[in-house]
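J.: Here's a structure for you.
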């Protein structure tokens with residue numbers, strides 16, 4: 001059986017309810033990878049586990065601002081490893097993405113298991129900057145907004161530590177306006193990618209609300 005990549009999408013805290021379809025409509029961070037036009041050239045297994053309200057009651061929040069390893073993170077980690085071990089997953093091509101709580105879950109799992117994800121797209125999230133040193137050589141794309149009171153300073157601190165450790169980081173030199181038309185924003189990503197060879201690509205935008213994938 002041909003093995004294919006695995007993509008994990010983590011929803012933010014507002015998705016902690018008992019509607020199991022929430023990860024499919026909270027932005028398009030999960031379903032964008034399942035579109036027929038994408039799956040045809042890039043077949044992949046996509047998972048978007050729901051952290052339900054019942055789990056919050058039983059286990060507590062998945063992520064906390066104290067950056068603790070929680071029972072919820074252990075549950076998500078066990079789920080991802082189960083999928084890797086029991087489905088036709090190419091273990092060298094496992095990718096993670098998520099926003100806020102889902103991004104924090106990505107970071108926490110990657111901190112503990114630095115070889116699990118091949119690359120990650122982290123949105124509107126942060127973690128303990130010292131723990132995040134484990135990610136300094138990982139391929140990352142990070143998007144945070146200037147108005148994010150935790151994610152913006154948190155990611156800046158982590159990235160500064162990576163750079164001090166010798167990691168090359170490509171940043172956008174001008175803040176992106178997240179209210180701008182798609183046609184205006186779309187070329188900015190490739191332009192950032194053209195910069196010096198970097199492990200991390202760091203995109204800053206100007207606007208307070210979350211950036212949905």
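J.: Looking at the stretch 11-19, is at least one residue without any contact (Cβ under 8 Å) to a residue 24 or more places away in the chain, within 16 Å of residue 101 (Cα to Cα) and surrounded by 14 or more Cβ atoms within 10 Å (Cβ to Cβ)?
T.: So far as the stretch 11-19 goes, no, none of its residues is without any contact (Cβ under 8 Å) to a residue 24 or more places away in the chain, within 16 Å of residue 101 (Cα to Cα) and surrounded by 14 or more Cβ atoms within 10 Å (Cβ to Cβ).
J.: Among all residue pairs at least 6 apart or on different chains, which show Cβ distances below 8 Å where the first residue, located in the stretch 156-167, is more than 17 Å from residue 126 (Cα to Cα) and the second is part of a helix (DSSP H, G or I) and at pLDDT 90 or above?
T.: Close Cβ pairs (under 8 Å, with a partner that is part of a helix (DSSP H, G or I) and at pLDDT 90 or above) amount to 165/133.
J.: Okay, next question. For the stretch 60-108, which residues satisfy the criterion of being in contact with a strand residue (DSSP E or B) (Cβ under 8 Å, 6 or more places away or on another chain) and over 19 Å from residue 128 (Cβ atoms)?
T.: Scanning the stretch 60-108 gives 79, 80, 83, 84, 87, 88, 89, 90, 93, 94, 95, 97.
J.: A further question on this structure: Count, please, the residues in the stretch 39-55 that happen to be part of a helix (DSSP H, G or I) and surrounded by fewer than 16 Cβ atoms within 10 Å (Cβ to Cβ).
T.: Initial filter on the stretch 39-55 (part of a helix (DSSP H, G or I)): 39, 53-55.
So of that shortlist, the ones also surrounded by fewer than 16 Cβ atoms within 10 Å (Cβ to Cβ) come out as 39, 53-54.
Qualifying residue count for the region: 3.
J.: Something else now. I'd like the residue in the stretch 9-38 that is part of a loop (DSSP other than H, G, I, E, B), over 21 Å from residue 63 (Cβ atoms) and out of contact with any strand residue (DSSP E or B) (no Cβ under 9 Å at 6 or more places or on another chain) and, out of all such residues, is modelled with the lowest pLDDT.
T.: Initially, the stretch 9-38 is screened for residues part of a loop (DSSP other than H, G, I, E, B), giving 11-12, 16-21, 26-30, 34-35.
In the following step, the residues that additionally are over 21 Å from residue 63 (Cβ atoms) were identified as 21, 28, 34-35.
Next, from what is left, pick out any that are out of contact with any strand residue (DSSP E or B) (no Cβ under 9 Å at 6 or more places or on another chain): 21, 28, 35.
Working: 21: 93, 28: 89, 35: 95.
Per the criteria, the residue is 28.
J.: Next question, about the same structure. Touching a strand residue (DSSP E or B) at 6+ places or on another chain (Cβ under 6 Å) and crowded, with 16+ Cβ neighbours inside 10 Å, is that true of residue 133?
T.: The answer is no for residue 133.
J.: Identify all residues within the stretch 62-81 that are crowded, with 17+ Cβ neighbours inside 10 Å and outside any helix (DSSP H, G or I); write none if there are none. Steps first, please.
T.: The first filter runs over the stretch 62-81 and keeps only residues crowded, with 17+ Cβ neighbours inside 10 Å, leaving 62-63, 67, 70, 72-73, 76-77, 80.
Selection gives 62, 63, 67, 70.
The values are calculated or read from the model by the stated rules, or taken from the named source; none is laboratory data. What you see is a predicted model; the values in this text were computed from it and never measured. Here the Cβ is made from the backbone with ideal geometry for all residues, glycine too, and neighbour counts use every protein chain on show.
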